[in-house]
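**Q** Below you'll find the structure I mean.
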Amino acid sequence: MTLRMCVLLWEQPGRGDELAEFEDTVLALLPSHGGMVIARHTVIDRAGGDPLEVQILEVPDEQALTAYVSDPRRLAILHRRDEIIARTQILRLRLPAARQQTAGLPAATGPFPHLAQNPPAAP
């Protein structure tokens with residue numbers, strides 16, 4: 001079963017650029033485990049307590065996630081993580097059932113499947 005996650009990351013004070021570089025490196029390993037980065041954004045106009053980075057990641061199953069997390073290339077640089085990243089929150093996601101099947105169409109895929117099936121009205 002495909003797993004989709006929203007990852008929220010907070011940097012250690014003054015380490016925002018290093019957080020981005022670290023994530024560039026570890027996220028580059030995801031495809032070798034069948035995963036992909038659906039979206040990756042930096043939060044702008046942050047209010048107190050907001051994360052710096054928001055990611056939507058997808059992996060084929062729990063085994064792929066375990067393989068990614070335990071990848072020796074990732075583990076080799078993990079010692080830097082605590083110096084750079086102050087906090088991580090991972091939210092497991094799923095599409096609402098109503099959006100997975102619409103008017104007999106096959107289950108939706110892609111980052112914004114509901115928009116493909118029900119495009120927003122023109123202004």
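Read the figures in this text as sums done on the coordinates, not as results from a lab. This structure is a prediction, so every number in the text was calculated from the model and none was measured. As a convention, Cβ positions derive from the backbone with ideal geometry for all residues, glycine included, and neighbour counts pool all protein chains shown.
**Q** Give the long-range amide H neighbours of GLU11: residues separated by 5 or more places, or on another chain, with amide H under 5 Å away, using H modelled in the peptide plane at 1.01 Å from N.
**A** LEU52, ALA86
**Q** Tell me the volume per residue, in Å³, of the convex hull enclosing the alpha carbons of the range 2-54. Mind dumping the intermediate values first?
**A** Numbers: hull volume 4.4 nm³, N = 53.
Dividing the Cα hull volume of the range 2-54 by its residue count gives 82 Å³.
**Q** Starting from the Cα of LEU91, step 7 Å along the direction of its Cβ; do the same at ARG46; then give the gap between the two resulting points in nm.
**A** Taking the simple label geometry, LEU91 and ARG46 are separated by 1.7 nm.
**Q** Next question. Which percent of Cα-Cα pairs in the range 3-95 sits in each 5 Å bin, short to long?
**A** Using 5 Å bins, I get a P(r) of 3, 13, 24, 26, 20, 10, 4, 0 for the range 3-95.
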